[in-house]
Each structure stands twice: as structure tokens, then as C-alpha cells.
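No lab work stands behind these numbers, since they all come straight from the coordinates. Since the model is a prediction, treat every value here as computed from it, not as a measurement. Cβ: placed from backbone, ideal geometry, glycine included. Neighbour counts: every protein chain shown.
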Amino acid sequence: MTISNATHTEVSAPPDNTQLFLGFLLLGLTGFGGVLPLARSMLVEKKRWLTGAQFTELLGLCQFLPGGNVINLSVAVGMEFRGLRGALCALLGLICAPTVIVIGLGAVYARFQNDPHVQHIFAGLAAAAAGLLLSTGIKMLLPLWGKWLALVIVALCLGAIAWLHLPLLPTMLVLAALSMLLAWRKPR
């Protein structure tokens, strides 16, 4: 899978396996509960491994695949730069530390889940996660600005899922086919 370079933003040199592991390890440690916004920040803004358009394109593919979006993204980024070994390094970097942390927090939560202070903490974390997700969605829309066909597909997807409560998979299948058809028929 090759990512097209749809913007003029320069990217840095491709990461090696160690950089993939450490980059995704840091992402897994700092992105607790909100990895997607931090993934974009790391990959596009800090490390400059991908352009904003490349990130949006790759994430679109990863969201269409079964499994967690960021896990799929780590595998796709690793595969893009270093093949199977890079995919394994990125994936292991992403999941190692959070797995240990989640097991530890699960044990703590099981013990204190009825404490009102703990319930308030989790309510606040949920609100922060929603804000992070919203800000990432807005950043992902920026490379699509002026591409009216893509924005119509975004609006149709948002309306179908958020307001009409249609199931995600059939909605994505129909809109993916529709967007490919419209892009194919669009005059160049």
C-alpha cells in the first residue's frame, strides 16, 4: 500500500524500526483514552512521517477495516515504511505499555468502582476524550476543504450515522462505493 502525497507539506526521512517502536510506544503511553488525536499530532506535526492528507487517507482506510483504528493505523504506518517488521514494531510499541497499565487500572477500578470520586473522575475523562475526538475530526476536515465532493460524502456519513442512527458498516460500504463512483465519473 502506497500513500499518495496529496499536499505540498514536506515529510521527514522514513523512520526505522526502532523509531517506529519508540514513536508508537510514546503514543501508547501519552494517548491514554484519546490516542487518535495524539496519533495525528505525532505522525503529521511532530515526526512529520506523513502529511495531513496522507494521514486522512490512511486513517480512512484503517477505519474501514475491522479492529481498532489506531491499531490498524500503527500496522499500516509500519508496513508503509518498513514492511512486516515495521508493522510489528509499531504495533508492539503501541500496545505494550497500555496493556500493562490497563490491567493495573482494571484491578484498581474493580476495587473502587462505587466510590463517587472515582465516578466523577471517569465522567471528566469521558468529556475530555470527546473534546479530543472533536478537535481531531476538525483537523482531518482541513485537507478536504474545497473538495466539495468529499465534503458531501462526509455530510452524508455524519447524517446517516449521527442523526438517522444507521449501522456503521452498511453506511460505510454504500458511501465508499458512492464516493469511488463519483470520483471516477468526475471530469478531470
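What is the helix-to-structure angle for 69-112, meaning the angle in degrees between its Cα long axis and the longest Cα principal axis of the chain, kept from 0 to 90 and rounded to the nearest 10? So the helix axis and the longest Cα principal axis differ by about 30 degrees.
Compute the normalised compactness of the chain: alpha-carbon radius of gyration over 2.2 N^0.38 Å, N being the residue count.
Numbers: Rg = 18.4 Å, N = 188, 2.2 N^0.38 = 16.1 Å.
Working it through for the chain, the quotient is 1.14.
Determine the gain in length on full extension of the stretch Ala177-Gln113; use 0.36 nm per residue of separation and subtract their C-alpha separation, reporting nm with one decimal. Show your work: numbers first, answer last.
Numbers: separation 64, 0.36 × 64 = 23.04 nm, distance 4.46 nm.
Taking 0.36 nm per residue and subtracting the Cα distance, the gain is 18.6 nm.
Working note: Cα atoms of the range 93-172, range along each principal axis, descending, whole Å: 51, 32, 24. For the range 159-167, backbone phi angles converted through the Karplus equation (6.51, -1.76, 1.60; θ = phi - 60°) give residue-by-residue couplings of x, 5, 8, 6, 9, 8, 6, 6, x Hz, Gly and Pro being listed as x.
Compared with the dominant principal axis of the Cα atoms in the chain, helix 148-158 is inclined by about 40°. Computed from backbone phi, the HN-Hα couplings of the range 177-185 come to 5, 4, 5, 5, 5, 5, 5, 5, 7 Hz, rounded to whole numbers (Karplus: 6.51 cos²θ - 1.76 cosθ + 1.60, θ = phi - 60°; Gly and Pro given as x).
Find the eigenvalues of the gyration tensor of the Cα atoms of the range 146-188, then list the square roots of 5 times those eigenvalues as equivalent ellipsoid semi-axes, largest first, in whole angstrom.
Values: eigenvalues 87, 29, 5 Å².
Result for the range 146-188: semi-axes of 21, 12, 5 Å.
Work out how much length Ile138 to Lys47 would gain on full extension: take 0.36 nm times their residue separation and subtract the Cα-Cα distance, in nm to one decimal.
Working: separation 91, 0.36 × 91 = 32.76 nm, distance 2.04 nm.
Working it through step by step, the gained length comes to 30.7 nm.
Every helix of 4 or more DSSP H residues in the chain counts as -39500 (n - 2.57), and over all residues that averages to -24000 deg cm²/dmol at 222 nm.
So how tilted is helix 52-64 from the main axis of the chain? Cα-based, degrees 0 to 90, rounded to 10. Around 70 degrees separate the two axes.
If I take every Cα pair under 8 Å that is 6 or more residues apart in the chain, average their sequence separation and divide by the length, what percent do I get for the relative contact order?
Details: 180 pairs, mean separation 42.5, N = 188.
For the chain, the relative contact order is 23 percent.
Each Lys and Arg adds +1 at its Cβ and each Asp and Glu adds -1 at its Cβ; summed about the Cα centre, the chain shows a dipole of about 380 debye. If R0 is taken as 35 Å, the Cβ-Cβ distance between Leu149 and Asp16 corresponds to a FRET efficiency of 0.40. Altogether, the Stokes-Einstein calculation at 37 °C and 0.692 mPa s, with the Kirkwood radius of the range 50-122 over Cα pairs as Rh, returns a diffusion coefficient of 229 µm²/s.
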